[in-house]
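Please treat every number below as a calculation from the coordinates, not as lab data. Just so it is clear, the model here is predicted, and its values are computed rather than measured. Because the Cβ atoms are built from the backbone with ideal geometry, glycine has one as well, and the counts that use them run over all protein chains shown.
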Amino acid sequence: MIETRDLTKMYGDLYALNRLTLKLERGDVYGFIGPNGAGKTTTMRILSTLLNPTWGEASVCGYSIYNNAKEIRRLMGYMPDFFGVYDDMKVIEYLEFFAAAYRIKGPERRRKCDQVLELVDLGYKRDALVTSLSRGMTQRLGLARVLLHEPQVLLLDEPASGLDPRARIDMRNLLKELRNMGKTILVSSHILPELADICNKIGIIERGQLLFDGDVQTAIKQVRQNAVYFVAVGHEQNATARELLEAHIDVKTVEAREAEDCLRVTLADGVIDGSFIADLLLQNGLRLKMLKEEEIDLEDVFMGITKGITN
Ligand SMILES: Nc1ncnc2c1ncn2[C@@H]1O[C@H](COP(=O)(O)OP(=O)(O)OP(=O)(O)O)[C@@H](O)[C@H]1O
Ligand SMILES: [Mg+2]
């Protein structure tokens, strides 16, 4: 649905985008993650045909950004990171204005506007002035606006930025709803955890370069080679458990966690499944009280991949 090859944008001698190669299949929700200045907005502006690349290829639903801007705009909804709303306009008037721009006519126009308002849960603000909306509501209105012409592909530039925790959850649920409707979505954020559970793929971009392209689990593995498990046995069995684990070929190191009364076991390189730990301890007659894999902080994964370099 979206494909780019060696997409490059230069401003003077700065590479805002450096040979970006991306592919989104139908129904993909692709999290485009990177720090400020990474090139996220640049990519979206190019894909929405608002900005010309310096070189490289990009297409949406098979249409080239160079030759088929009109078709692309019809198929795509682009929600920029900042968009203006007009003073003295009611929510419904604002939507009708854009619906008219999309040439949605007659009773269909009103019906469509009400439909997208319901979808983003703003039906009750139908007659409020757009300037009276909160930031979260304005973002939802912006999303409603890009849904009017029923685009198959959505580009959403930091839809959750500036929202409070509650509004972020609302936005996330809304994205899930759009995903369930079968839309193909490219959504950006500068934080990974925010997108991790709604995206089936992520790309981590920095200084115009795609540092990672794949699923979240693979990103985690890339940053941390060794899986870590926490193991708790009967208090008096700690020493025995430790000896058994240390002697096992799939274990790299074992350290005691006095405070939690458990052992932290790092598996050998390349070993991901720690279920052998349970077998080992139980076969040796120990009482296994807890065995769980250490949760990985997605923020660490992001920092590990980007190393904090920005333009
Ligand atoms: N019109 C412009 N002229 C010069 N440089 C620009 C222009 N637009 C963007 N840039 C530069 O291109 C780089 C990428 O910018 P871009 O807006 O794509 O980043 P971003 O990932 O969207 O960042 P943010 O998270 O801050 O929104 C930055 O270094 C930026 O300064
Ligand atoms: Mg941006």
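Taking the helices alone, the chain has a mean residue ellipticity at 222 nm of -10000 deg cm²/dmol, built from -39,500 (n - 2.57) per DSSP H run of at least 4 residues and averaged over all its residues. Placing a label point 7 Å from the Cα of residue 289 along the Cα-to-Cβ direction, the residues of the range 251-272 whose backbone N falls under 11 Å from that point are 260-263. Under 25 °C and 0.890 mPa s, how fast does the range 208-311 diffuse according to Stokes-Einstein, given a Kirkwood radius computed over C-alpha pairs? Answer in µm²/s, whole number. Estimated diffusion coefficient is 162 µm²/s. Each principal axis of the chain carries a Cα extent, and these read 78, 47, 30 Å when sorted largest first.
List the longest stretch of the chain that has no exposed loop site; here a site is one of the chymotrypsin sites (Phe, Trp or Tyr not before Pro) assigned by DSSP to anything other than H, G, I, E or B, with at most 11 other Cβ within 10 Å. Longest stretch, sites excluded: 87-311.
Counted over the chain, the DSSP beta bridges are approximately 65% antiparallel. Relative contact order for the range 1-125: 20 percent, from Cα pairs under 8 Å spaced at least 6 residues apart, divided by residue count.
Calculate, for residue 52 and residue 114, the FRET efficiency according to 1/(1 + (r/R0)^6) with r their C-beta to C-beta distance and R0 35 Å; round to the nearest 0.05. After rounding to 0.05, the efficiency reads 0.40.
Beyond a 19 Å Cα-Cα separation, which of these cross-linked pairs lie in this structure: 90/125; 40/112; 221/292; 252/292?
In this structure, 40/112 lie more than 19 Å apart at Cα.
Mind checking the alpha-carbon convex hull of the range 125-256 and giving the volume per residue in Å³?
Value for the range 125-256: 193 Å³ per residue.
With the simple spin-label model, which puts each label point 7 Å out from Cα in the Cβ direction, the residue 255 to residue 226 separation comes to 1.0 nm.
Since only 15, 67, 212 are under comparison, the one whose Cα sits farthest along the positive direction of the charge dipole of the range 2-215, derived from C-beta charges on Lys, Arg, Asp and Glu, is 67. Taking the centroid of alpha carbons for each part, the range 88-118 and the range 1-72 are 29 Å apart. The residues 246, 3, 206, when put in order of fewest to most other Cβ atoms within 10 Å, stand as 246, 3, 206. When only the Cβ of Lys, Arg, Asp and Glu is charged (+1, +1, -1, -1), the dipole of the chain relative to its Cα centre reaches about 1520 debye. Net charge of the neighbourhood of residue 1, taken over other residues with C-beta under 10 Å away and scored Lys/Arg +1, Asp/Glu -1, is 0. Across the range 45-59, rounded Karplus estimates of 3J(HN,Hα) from the backbone phi angles (6.51 cos²θ - 1.76 cosθ + 1.60, θ = phi - 60°) give 5, 5, 5, 8, 6, 8, 9, 8, x, 6, 7, x, 10, 8, 9 Hz, Gly and Pro being marked x. Taking other C-beta atoms within 10 angstrom as a stand-in for reagent exposure, 64, 134, 59, 48 fall in the order 134, 64, 59, 48, fewest first. Modelled label positions at residue 209 and residue 69, each set 7 Å beyond Cα in the direction of Cβ, lie 3.2 nm from each other.
Compute the distance in nm between two label points, each set 7 Å from the Cα along the Cα-to-Cβ direction, one at residue 169 and one at residue 131. Between residue 169 and residue 131, the label points sit 3.3 nm apart. Listed from fewest to most Cβ neighbours within 10 Å, the set 282, 47, 174 follows the order 282, 174, 47.
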